[in-house]
There are 2 protein chains.
Amino acid sequence: MTTQYTLSRRAQALTSSAIREILKVTERPEVTSFAGGLPSPATFPVERMRQATEKVLREAPEAALQYGPTEGFTPLREWIADRLSRGGARIPASRVLITTGSQQGLDLLGKVLIDEGSKVLVETPSYLGALQAFSLFAPQFGSLPSDEQGIVTDALTPEQLAGARFLYCLPNFQNPTGRRMPLERRQALVALADAAGVPLVEDDPYGELSYGGEALPSLLSMNPDGVIYMGSFSKVLAPGLRLGYVVAPEHVHAKMVQAKQAADLHTPSFSQRIVYEALQDGFIDRHIPEIRTLYAAQCQRMLAALEREFPAQVKWNRPEGGMFIWVDLPGGIDSGALLAKAIERNVAFVPGAPFYAVDPKENTLRLSFVTVPGEKIDAGVKVLGELIKAEIAALPAAA
Amino acid sequence: MTTQYTLSRRAQALTSSAIREILKVTERPEVTSFAGGLPSPATFPVERMRQATEKVLREAPEAALQYGPTEGFTPLREWIADRLSRGGARIPASRVLITTGSQQGLDLLGKVLIDEGSKVLVETPSYLGALQAFSLFAPQFGSLPSDEQGIVTDALTPEQLAGARFLYCLPNFQNPTGRRMPLERRQALVALADAAGVPLVEDDPYGELSYGGEALPSLLSMNPDGVIYMGSFSKVLAPGLRLGYVVAPEHVHAKMVQAKQAADLHTPSFSQRIVYEALQDGFIDRHIPEIRTLYAAQCQRMLAALEREFPAQVKWNRPEGGMFIWVDLPGGIDSGALLAKAIERNVAFVPGAPFYAVDPKENTLRLSFVTVPGEKIDAGVKVLGELIKAEIAALPAAA
């Protein structure tokens, strides 16, 4: 008879993203894509990676090609602990777990901390990849009131926090909005979460990409026992290595290690050792300023184009770092429909709705500015401006 | 207040393996370890990997360091499909998903096919890593009667198969037993599963490691729509790259892709491209015979030592491939207690009990012979023989 593949309920709940299908066309060379979350390949330190690889394969080929410990390569864990300890509180290397990209940290977090129906708090909007990872474990999402400075801590009530398994946020140059949470908000959030006994999960892939002002203290540095911190080498070295990390209090760390063992045994020894070599002699602190300079210029270019091309009814933020700008269109405009029209004119972006855990706002969208050349930014934003003006003109209220 | 980390029920069910703790001491250089599941580093094609890496970083550095498709690097997927199609039935590349080690395939399988309480069938004993991965999703295991030729198909009843989400097995040189399922059993198993409509999951990391006789047809080749097949480069190239793959019918494949996207976005582009380069020009077919020759000699050395040192009451198999020998001690001997004594004399192995999904047999153990030099095999087996003789002498029945 025909073989019966009975899907789990969680697999049945997985839906193929219509957006993902549309965005496949953005791979065509004629398309100007503001959709990707990809870092600019111009920032990849190819020569450095070549040297590091050569060294690893010369000095420790067998260890680099053999199975390794689930927790990760010890010297790399120590490097990460040292770097995170710059902020103040000493973070022991024993809390660091190397993951196969930061995305794996989200999966392990879901496995270890979410039961069906568990209350999980997120920003409004939040990172789509986290919503997807957590959703597999069927939590009940609570979406916290947020503005251009992140979670509105003044509006947070003890009832909202009570009983949450954790509160997930990206304080630095959040994906999708590009916004950063100011110091006072961070302090207030840490105090409120601590008072409620609710763990904070701080996802920080973009923290190093501040264009100018100094870095703000991490939530982790403010309360090491109350925060699970997630970092990544994807935006400061290269994402194709899939190397991230999670810092968690020892007993949570131990459970995540067990979950990771079942998930992929360990992250590739090969790439861990290469990245460790590449990081030596302070390389990252010479390299990151180059990324910041490039992204700041790209951001300025897009902001200038938006100023020039977008009508007054459209709102957007002015990021101080990271890779994204968030756009609010007038109510009634569906950015999904806008995308279909933009694709016809070879321009792409990501509609904002999927970034909402609940109550999606259809009139929002995310623009990435880091990989597109300047002239194409100008031309692409001009096309979007024309399309948005047409949409506004067609709104019932404007009729 | 103190932050409350409430663990999920699945995390609470994860237990730290006492064995794993004991085995940590096996990393001491004075310990002769038959415990590891590690391939011999002497078989790692270091120079080949160096050339492949150099080529990838010269010809496609940006693509190798950038994000890639969740499904995997297309040319590598095509290579795998071509190789699997040698057996007969054409396997389309669209069914191949590249995973972060074969272990990740097990995790994705659990996510997509197991609900709490789902019936999942396994061999007796079965691969520990699979039991761990599936257990996170809380199935009800059924452990099928098995002998030195694998599942006893004659003893399988329709009732046993009915309603199972899948039947998981390792037909080639199984971990932990080293046994191989003969052709008639394979044919019977495929026919029985097909008649019951139950998917087979064929885990095949050791299939290429046959010492002499020809390869037997895969279950996949016998019924491509009824089998999910899992393979790995860990045992034929190197495990530190964490590169495996899952072949599944399109609609199951599609769900696994979605689950993988949430799990780690994709397997490192860097290692996928390196492995693809290393595989060119038929390298693997020149390389695998070297591994077989080494492992066959190591296996013979251990079998000769067992013959010499182990008392007549102990049974073990004579593998025709792979990395493991399975030992049955007389009833009443606990191999966990034996391990503690062996460790005191600097010899290690893995007790058999954790490999049983239900009703663990305490009087079994697994020996790996691939990484230990010949003289140490002789000396280590001698120690085990002495300890086992003492255990037998101390058994109540022998008193």
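Details
- Within the stretch A:149-167, if we keep just the residues that are β-branched (Val, Ile, Thr) and part of a loop (DSSP other than H, G, I, E, B), the residue that is most open to solvent (accessible area, probe 1.4 Å) turns out to be A:157.
- Look at (1) open to solvent by 20 Å² or more (accessible area, probe 1.4 Å); (2) more than 27 Å from residue A:93 (Cβ to Cβ) and you find that residue A:335 fails only one, number (1).
For (1) in contact (Cβ under 8 Å) with a residue 60 or more places away in the chain; (2) open to solvent by less than 30 Å² (accessible area, probe 1.4 Å); (3) of a type in the set (Ser, Thr, Tyr), each residue gets a yes or a no:
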residue	(1), (2), (3)
A:185	no, no, no
A:203	yes, yes, no
A:219	no, yes, no
A:229	yes, yes, yes
A:250	yes, no, no
A:260	yes, yes, no
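- The single condition among (1) farther than 20 Å from residue A:282 by Cβ; (2) open to solvent by less than 20 Å² (accessible area, probe 1.4 Å); (3) at the interface with another protein chain (Cβ under 7 Å from one of its Cβ atoms) that residue A:31 does not satisfy is (3).
- Each residue in the stretch B:126-167 was checked for being closer than 16 Å to residue B:353 by Cβ and either among the polar types (S, T, N, Q) or in the same structural domain as residue B:38 (by TED's automatic domain parsing) (or both), and 5 pass.
- Any hit, the stretch B:79-99, residues being more than 25 Å from residue B:178 (Cβ to Cβ) and within 10 Å of another protein chain (Cβ to nearest Cβ): no
- Taking every residue in the stretch A:323-334 that is farther than 21 Å from residue A:40 by Cα and at pLDDT 95 or above and pairing it with any residue that is open to solvent by less than 10 Å² (accessible area, probe 1.4 Å) and part of a strand (DSSP E or B), at least 6 positions away or on another chain, the pairs with Cβ-Cβ distances below 9 Å are A:327/A:364; A:327/A:365; A:327/A:367; A:328/A:364; A:328/A:365; A:329/A:364; A:329/A:365; A:334/A:351.
- Where a residue in the stretch B:346-369 is at positive phi and assigned by TED's automatic domain parsing to the domain that holds residue B:382 and its partner, wherever it lies, is buried (at least 19 other Cβ atoms within 10 Å of the Cβ) and part of a strand (DSSP E or B), with Cβ under 9 Å and at least six apart: B:346/B:32
- Just one of the numbered conditions (1) surrounded by 15 or more Cβ atoms within 10 Å (Cβ to Cβ); (2) of a type in the set (A, V, I, L, M); (3) without any contact (Cβ under 8 Å) to a residue 60 or more places away in the chain is not true of residue A:1: (1).
- A single entry from A:360, A:319 fulfils the requirement of being part of a loop (DSSP other than H, G, I, E, B) and surrounded by fewer than 22 Cβ atoms within 10 Å (Cβ to Cβ): A:360.
Here's the yes/no breakdown for (1) open to solvent by 60 Å² or more (accessible area, probe 1.4 Å); (2) within 18 Å of residue A:176 (Cα to Cα):
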site	(1), (2)
A:304	no, no
A:311	no, no
A:364	no, yes
A:394	yes, no
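- Among residues of the stretch A:98-145, those that are under 14 Å from residue B:264 (Cα atoms) and polar (S, T, N, Q), counted: 6
- Being modelled with pLDDT under 95 and in a helix (DSSP H, G or I) is a property that residue A:340 has.
- Elements of type helices (runs of 4 or more DSSP H) in the stretch A:226-309, at least 1 residues being within 16 Å of residue A:79 (Cβ to Cβ) and within 14 Å of another protein chain (Cβ to nearest Cβ): A:269-279, A:283-309
- If you go through the stretch A:186-202 and pick out every residue that is under 29 Å from residue A:38 (Cβ atoms) and more than 14 Å from every other protein chain (Cβ to nearest Cβ), you end up with 1.
- From the options B:208, B:214, residue that is without any contact (Cβ under 8 Å) to a residue 24 or more places away in the chain and either part of a loop (DSSP other than H, G, I, E, B) or open to solvent by 10 Å² or more (accessible area, probe 1.4 Å) (or both): B:214
- Test: residue in the stretch B:237-249 that is at pLDDT 95 or above and closer than 16 Å to residue B:126 by Cα: no
- Qualifying residue in the stretch B:168-180 (condition: open to solvent by 10 Å² or more (accessible area, probe 1.4 Å), among the β-branched types (Val, Ile, Thr) and in the same structural domain as residue B:225 (by TED's automatic domain parsing)): no
- Given (1) open to solvent by less than 40 Å² (accessible area, probe 1.4 Å); (2) touching a helix residue (DSSP H, G or I) at 6+ places or on another chain (Cβ under 9 Å), number of the condition residue B:296 does not satisfy: (2)
- Failed item, numbered, when residue B:294 is tested on (1) in the same structural domain as residue B:390 (by TED's automatic domain parsing); (2) over 22 Å from the mean Cα position of the chain (by Cα): (2)
The values are calculated or read from the model by the stated rules, or taken from the named source; none is laboratory data. The shown structure was predicted, so the numbers you read here are calculated from the model rather than taken from an experiment. Cβ coordinates were reconstructed from backbone atoms using ideal geometry, including for glycine residues, and neighbour counts include every protein chain displayed. Just so you know, the surface numbers come from the protein's heavy atoms only, side chains and all, with ligands and any DNA or RNA stripped out. Shrake-Rupley method; radii C 1.70, N 1.55, O 1.52, S 1.80 Å.
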